[in-house]
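Some notes on the structure that comes next.
The values are calculated or read from the model by the stated rules, or taken from the named source; none is laboratory data. What you see is a predicted model, and the numbers here were worked out from it, not measured in a lab. Every residue, glycine as well, gets a Cβ built from its backbone with ideal geometry; the counts of neighbours run over all protein chains shown. These accessible areas exclude ligands, DNA and RNA; they are computed on the full protein's heavy atoms, side chains included. Shrake-Rupley method; radii C 1.70, N 1.55, O 1.52, S 1.80 Å.
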Amino acid sequence: MDASSELGEFLKSRRAALRPEEVGITPHPTRRRVSGLRREELAMLANVSITHYTRLEQGRTVSVSDGLLEAIARTLRLTDDETVHLKDLARPAAASSRPAPSRVAHASGSARQLLAAMTDVPALVLDRRNDVLAWNRLGHALLAGHLAPAGPDTPATRPNLTRMLFLDEQYRQLYANWHDQAQLAVASLRLVAGRHPDDRSLAELVGHLTMNSDEFASLWARHPVRTCTSGLKHLRHPLVGAMELSFENLVLPGTSGQHLITYTAEPGSPSEAALRLLGSATASVAQ
């Protein structure tokens, strides 16, 4: 993933999404060939020279100030996540200086103990690429009961939730609102890719998905950017039916991007009953 080309494509996508009328520009009815902002219009609104902005969009600017990037972000009406992404892409050297994970990541012993202790809560430990490093029994049953429980223990068989979302039909069918989930997954992956432009395994994952899923390729080309720390999952589990579960995505300190994801149901809800039923079923199988 070349940071300079990614920067240019990201800026172009955001210019194209912003109509002139939204920023007080009245376009000439016969002279305009694009629906979004032109480079010169963006430069004028951000109070930067067209030459400087063009060099930035072409990846030919070596040093970029916070003030310039923030002015462009305000003009393009970027979200906080998109602004962070813009700065990461504009300063790939700073992003590359972040600590790199070991070649083969593993969940720590304490993280595995925590998962095992959460007997009534589905939980997983993922790396920054969404590879499953470990899961507890209920987490495995909730998301990937069709896969071997020991899959995360070996890098060759380790599941990746983003890859599964696009290429594993059984996992895909788990989500009642698959398209929304797919958009969020791609937006989260975009943010990680901007922060870690030298992550070869991440680049290989993106390449694999782009080659094997037209849906992923289409979403990736739109340059969505969004972090995902909490929310709701609407699931259709093959054993216990529909569930609405809250999830929390918690970063594990000192792990180069590993995070713990937990799923809970509202007390007294049908989803809680379904989750308990799933727990009982998995306990019986284990015994």
Taking amide H positions as placed in the peptide plane 1.01 Å from N, state which residues far from residue 18 in sequence (5 or more) or on other chains have amide H under 5 Å from it. 37
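Ignoring ligands, DNA and RNA, what percent of the 1.4 Å accessible area of the range 131-287 is carbon and sulfur?
Working: 4010 of 7570 Å².
Answer for the range 131-287: carbon and sulfur cover 53 percent of the accessible area.
About its Cα centre, what dipole magnitude does the chain give when the only charges are +1 on Lys and Arg Cβ and -1 on Asp and Glu Cβ, stated in debye to the nearest 20? Walk me through the intermediate numbers first.
Details: 32 positive and 30 negative charges, 142 e Å.
The calculated dipole for the chain is roughly 680 debye.
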Treat each spin label as a single point 7 Å out from the Cα along the C-beta direction, and report the residue 47 to residue 156 distance in nm. 6.1
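With only Lys, Arg, Asp and Glu charged, each at its Cβ (+1 for the first two, -1 for the last two), find how big the charge dipole of the range 3-90 is about the Cα centre; round to the nearest 20 debye. Intermediate results must be reported in sequence, preceding the final value.
Details: 14 positive and 13 negative charges, 111 e Å.
The dipole of the range 3-90 has a size of about 540 debye.
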Rounded to whole Hz, the Karplus (6.51, -1.76, 1.60) HN-Hα couplings of the range 18-25, x for glycine and proline: 10, 7, x, 4, 5, 10, x, 9
Each label point is 7 Å from the Cα along the Cα-to-Cβ direction; what then is the distance between the points at residue 119 and residue 281, in nm? 2.0
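Over the chain, give the accessible area per residue in Å² for a 1.4 Å probe, as an integer. Don't jump to the answer; show the numbers that get you there.
On the way: 14780 Å² over 287 residues.
That works out to 52 Å² per residue.
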Could you calculate the contour length gain from residue 172 to residue 34, that is, 0.36 nm times the residue separation minus the distance between their Cα atoms, to one decimal place in nm? 46.0 nm
Once a ≥ b ≥ c are taken as the square roots of the eigenvalues of the Cα gyration tensor of the range 109-284, is the result rounded (a/c under 1.5), prolate (a/b larger than b/c) or oblate (a/b not larger than b/c)? prolate
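Using 0.36 nm times the number of residues separating residue 211 and residue 25, minus their current alpha carbon distance, what extension gain do you get?
On the way: separation 186, 0.36 × 186 = 66.96 nm, distance 3.97 nm.
Taking 0.36 nm per residue and subtracting the Cα distance, the gain is 63.0 nm.
Between residue 221 and residue 269, how high is the FRET efficiency from 1/(1 + (r/R0)^6) when r is the Cβ-Cβ distance and R₀ = 51 Å? Nearest 0.05.
0.85
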Quick one: 3J(HN,Hα) in Hz for the range 105-111, Karplus 6.51/-1.76/1.60 with θ = phi - 60°, rounded, Gly and Pro as x. 7, 9, 6, 5, x, 5, 5
Amide H to amide H under 5 Å from residue 134: which residues, 5+ apart in sequence or cross-chain, H placed 1.01 Å off N in plane? 125
What list of ³J(HN,Hα) couplings, whole Hz, do you get for the range 266-278 from phi and the Karplus terms 6.51, -1.76, 1.60, once you set θ to phi - 60° and write x for glycine and proline? 5, x, x, 8, x, 5, 5, 4, 5, 5, 5, 4, 5
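Please get the size of the charge dipole for the range 178-260, origin at its Cα centre, with Cβ charges of +1 on Lys and Arg and -1 on Asp and Glu, quoted in debye to the nearest 20.
Working: 7 positive and 8 negative charges, 25 e Å.
Charge dipole of the range 178-260: 120 debye, to the nearest 20.
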Would you mind calculating the relative contact order of the range 120-217 from Cα pairs under 8 angstrom and at least 6 residues apart, reporting the percent as a whole number? 21
Work from the charge dipole of the chain (Cβ charges, +1 for Lys and Arg, -1 for Asp and Glu, about the Cα centre) and give the residue of 51, 73, 261 farthest towards its positive end. 51
In deg cm²/dmol and to the nearest 500, what is the mean residue ellipticity at 222 nm of the chain if only DSSP H runs of at least 4 residues count, each as -39500 (n - 2.57), divided by the residue total? -14500 deg cm²/dmol
Among 157, 26, 75, which one shows the highest mean-square fluctuation when the chain is modelled as a Gaussian network with alpha-carbon springs under 10 Å? 26
Just report the Cα centroid separation between the range 36-88 and the range 144-167, whole Å. 40
For the chain, with the dipole built from +1 on Lys and Arg beta-carbon atoms and -1 on Asp and Glu ones, taken about the Cα centre, which of 126, 11, 251 lies farthest toward the positive end? 11
